[in-house]
Amino acid sequence: MQQNSKKRETPVKYNLTEKDIKKICSIYHISELEIKKLNDFGLLNTELLKHEVIRQDYKNIKLAVKDRPEFSEESVLLALKREHHIQSTAEVRNIVNDSTNKNMIFCKHCGTRISLKLAKTTGGYCNDCMSEQIKL
């Protein structure tokens, strides 16, 4: 496949804090040293990892306050917004409710996230990479 001359959208790059790294180690059962090395080399999908940390924090908070009605859903989202320096509670809500990460698939050529249906149809390529194969 040829390299596409137009610039591809790159995933959001989050800066992972020490606290985030410790949580990632706990979630994925990987040593802190390995995560730090991968992070230093820029090999981590920080967007995916940060979202996973936020979802785990949400689950932990909800579990801790399940019998305390004074903590509303909105207050939990605000706490996450503040902790993770996110612009809006709507963005936090989208991250928390995003179930698409369970079957994350990436294009074999460019690494763009694609749906399972598209991956099955195209053999693992995004539409942009598939369009590059069309000769006009």
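Please determine, by comparing only the residues of segment 28-37 that are exposed (fewer than 13 other Cβ atoms within 10 Å of the Cβ) and assigned to a helix (DSSP H, G or I), which one is nearest to the chain's Cα centre (by Cα).
For segment 28-37, the residue satisfying everything is Tyr28.
Within segment 114-135, work out how many residues are in contact (Cβ under 8 Å) with a residue 60 or more places away in the chain and touching a Cys at 6+ places or on another chain (Cβ under 8 Å).
2
If I go through segment 27-40 residue by residue, how many of them are free of Cβ contacts under 8 Å to residues at least 12 places away in the same chain and either in contact with a His (Cβ under 9 Å, 6 or more places away or on another chain) or not basic (Lys, Arg) (or both)?
Within segment 27-40, residues that are free of Cβ contacts under 8 Å to residues at least 12 places away in the same chain and either in contact with a His (Cβ under 9 Å, 6 or more places away or on another chain) or not basic (Lys, Arg) (or both) number 9.
Report, ordered by the first and then the second residue, all pairs with beta carbons closer than 9 Å, sequence separation of six or more or different chains, a first member in segment 62-76 that is assigned by TED's automatic domain parsing to the domain that holds Val92, and a second member that is of a type in the set (Gly, Ala, Ser) and surrounded by 10 or more Cβ atoms within 10 Å (Cβ to Cβ).
What qualifies is Val65/Ser75; Phe71/Ala64; Phe71/Ala79.
So Glu91 clears everything in (1) under 14 Å from the mean Cα position of the chain (by Cα); (2) in contact (Cβ under 8 Å) with a residue 40 or more places away in the chain except one condition, right? Which one?
(2)
If you take the residues in segment 122-136 that are buried (at least 16 other Cβ atoms within 10 Å of the Cβ) and hydrophobic (A, V, I, L, M, F, W, C), which one is nearest to Cys107 (Cα to Cα)?
So the residue we want is Cys126.
What is the residue count in segment 48-78 for residues that are among the hydrophobic types (A, V, I, L, M, F, W, C) and buried (at least 17 other Cβ atoms within 10 Å of the Cβ)?
Summing the residues that are among the hydrophobic types (A, V, I, L, M, F, W, C) and buried (at least 17 other Cβ atoms within 10 Å of the Cβ) in segment 48-78 gives 6.
The values are calculated or read from the model by the stated rules, or taken from the named source; none is laboratory data. In this text the structure is predicted, and so the values were computed from the model without any measurement. Note that each Cβ is placed from the backbone with ideal geometry, even for glycine, and that neighbours are counted across all protein chains shown.
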